Amino acid sequence: MSLKVYNTLKGKKEEFVPIQDGKVGMYVCGPTVYDTSHIGHARSVVVFDMIFRWLTRLDYEVTYVRNFTDVDDKIIKKSNETGVACTDITEKYIDEFHNEMDALNVLRPTMAPKATEHIRHIIDFIQMLIDKGRAYHVEGGDVYFSIDSFKDYGKLSGRNPDDMRAGARIAVDEKKQSPLDFTLWKPAKTGEPYWESPWGRGRPGWHIECSAMSYEYLGESFDIHGGGKDLIFPHHENEIAQSEAVFGCQFVKYWIHNGFVDINNEKMSKSLGNFTMIKEVLADYSPEVIRLFLLSKHYRSPIDYNEDSMREISLGLDRIYAFLERLEQTNMVLETQEPGELWAGFVEAMNDDFNSAKALGLVFEAV
């Protein structure tokens, strides 16, 4: 059975055929490093680690890029509130993120670029957009992308620009040509980090960094772009507009998005006070249990974090370890060369849009 993946762009499963035979380029949006990561971050990272591993198991040569957003309004706000330099904040949480993901047995990506290390690439990308008439510079130093210059805007999210525009309001002093135009470069305010650019001192917008970095490491077109479902709009929609406006070719062939983590059947949110941090979960459960839990539902489905679910997963993992111990004690030999029925079913499940839930179900039934 060939690998099939659900492509958000097409709204259906498709046979996976990479752009270059035998090789896969994959870019996944990483965290904005201003605070401790929560269990929702862990799900996305573990899901794409699973995808990375399975593609490798299918003998693809995978170049996996996962970025860090280390310049952002939230980082600057935290710096102003605490008096700690932005770089100190971001380095602290990058180190913390790596330590937690290492604990969850997540493989490091091929590259883990930081936005601040690619400012020159970002500036060059913005200049290409301006030169092609797809972006414009306004008085004061802002640079905006013109969505009216990109006729396919909305093709990933299914949103209609005319409908969005009809519900938008423009402030009296707004300098945008359209209320939907989004920021590529913003002028620095007093006390903020900045870089020199043709449009004055400032810093990049959020969306442009991923277009610039994916181009730097994977080229004009690549196979897989991933992230949480919350990134479909506006972040990934804007990435498509930027990249395809510059290069005039398809940006990404397959878009893959993971579902959210709920807490006790409620959406995880700061207003509800139920944000559950990875380090808190690691204090209560073993990394193997957490990882198994995060893969126990299909990656596109929501998953509910609660004590009952974790207890059930813990018991399931105990059964697997007990089964392996019995095999060792009785000197039984696992099939490793010729595929058995269980392995064949496991492969079939994983090749059906990385269905780890079905694959794990087969394993639990066997033990």
Item to check | Cα-centre dipole for the chain with unit charges at Cβ (Lys and Arg positive, Asp and Glu negative), debye to 20 | outcome: 840 debye
Next on the checklist: So, for the stretch 1-113, what is the accessible surface per residue at a probe of 1.4 Å, expressed in square angstrom?
Outcome noted: 43 Å²
Item to check | Signed unit charges on C-beta, dipole axis of the chain, positive-most listed residue T110, I313, T69 | outcome: T69
Checklist entry - With charges set only on the Cβ (+1 for Lys and Arg, -1 for Asp and Glu), what does the dipole of the stretch 1-125 come to about its Cα centre, in debye to the nearest 20? => result 540 debye
Next on the checklist: Between 0 and 90 degrees, rounded to the nearest ten: what's the tilt of helix 119-131 against the longest Cα principal axis of the chain?
Outcome noted: 60 degrees
Checklist entry - What spacing in nm lies between the two simple spin-label points modelled at D230 and T330, each 7 Å away from Cα in the Cβ direction? => result 4.8 nm
Checklist entry - At a 1.4 Å probe radius, carbon and sulfur cover how many percent of the accessible area of the chain? => result 48 percent
Item to check | Euclidean distance of C-alpha centroids, the stretch 340-354 and the stretch 226-281, integer Å | outcome: 27 Å
Checklist entry - Where both residues lie in the chain, what percent of DSSP beta bridges are antiparallel, nearest 5? => result 45 percent
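Given the rule -39500 (n - 2.57) for each run of at least 4 DSSP H residues, summed and divided by the residues of the chain, what is its mean residue ellipticity at 222 nm, to the nearest 500 deg cm²/dmol? Don't skip to the answer; put the middle values down first.
Details: 12 runs with 149 residues, N = 367.
Value at 222 nm, helices only: -12500 deg cm²/dmol.
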Checklist entry - Can you list the aspartates and glutamates whose alpha carbon sits under 13 Å from that of K23, skipping same-chain ones fewer than 8 residues off? => result D59, E61, D223
Checklist outcome for this item: Sorting I130, I76 on solvent-accessible surface, 1.4 Å probe, most exposed first, gives I130, I76
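Do me a favour and compute the ellipsoid semi-axes for the stretch 14-73 from its Cα gyration tensor, root of five times each eigenvalue, largest one first, whole Å.
After diagonalising the Cα gyration tensor, the semi-axes are 27, 13, 8 Å.
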Item to check | Between helix 356-366 and the chain: long-axis angle, C-alpha atoms, 0 to 90°, nearest 10 | outcome: 10 degrees
Next on the checklist: Projecting each Cα onto the charge dipole of the stretch 132-202 (Lys/Arg +1, Asp/Glu -1 at the beta carbon, about the Cα centre), which of F182, G141, G202 comes out farthest on the positive side?
Outcome noted: F182
Item to check | Cα long-axis angle, helix 307-329 against the chain (0 to 90 degrees, to the nearest 10) | outcome: 50 degrees
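Would you rank T36, T190, T330 by solvent-accessible area, highest first, keeping every protein chain in place and using a 1.4 Å probe?
T190, T330, T36
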Checklist entry - Between D73 and D148, how many nm apart are label points set 7 Å from Cα along the C-beta direction? => result 2.5 nm
Checklist entry - Please state the relative contact order of the chain as a whole percent: Cα pairs under 8 Å, 6+ residues apart? => result 21 percent
Next on the checklist: Rolling a 1.4 angstrom probe over the protein chains, ignoring ligands and nucleic acids, what is the accessible area of L324 in square angstrom, nearest 10?
Outcome noted: 80 Å²
Item to check | Correct choice for volume of the Cα convex hull per residue in Å³ that was computed from the model, options (i) 156; (ii) 325; (iii) 169 | outcome: (i)
Next on the checklist: Exceeding 29 Å between C-alpha atoms, which entries from my cross-link table qualify? They are K13/K186; K78/K229; K12/K175; K155/K189; K151/K175.
Outcome noted: K13/K186; K12/K175; K155/K189
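Sort H41, H225 by heavy-atom solvent-accessible area, probe 1.4 angstrom, most to least. Spell out each step's value before the answer.
Values: H41 65, H225 0 Å².
Solvent-accessible surface, decreasing: H41, H225.
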Checklist outcome for this item: To the nearest Å², the heavy-atom accessible area per residue of the stretch 174-265 with 1.4 Å probe amounts to 36 Å²
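What FRET efficiency comes out for the pair S286/F364, r = Cβ-Cβ distance, R0 = 22 Å, nearest 0.05? Can you show the working numbers first?
On the way: r = 17 Å, r/R0 = 0.79.
Calculated transfer efficiency: 0.80.
In whole Å, what three semi-axes, largest first, describe the equivalent ellipsoid of the stretch 114-203 built from its Cα gyration tensor (square root of 5 times each eigenvalue)? If you can, show how the numbers build up before the last one.
Values: eigenvalues 124, 54, 29 Å².
Largest first, the stretch 114-203 gives 25, 16, 12 Å.
The values are calculated or read from the model by the stated rules, or taken from the named source; none is laboratory data. Quick caveat: nothing in here was measured; it's all calculated off a predicted structure. Positions of Cβ are generated from backbone atoms using ideal geometry, with glycine treated the same way; all protein chains shown enter the neighbour counts. Surface accessibility is based on the protein's heavy atoms, side chains included, excluding ligands, DNA and RNA. Shrake-Rupley method; radii C 1.70, N 1.55, O 1.52, S 1.80 Å.
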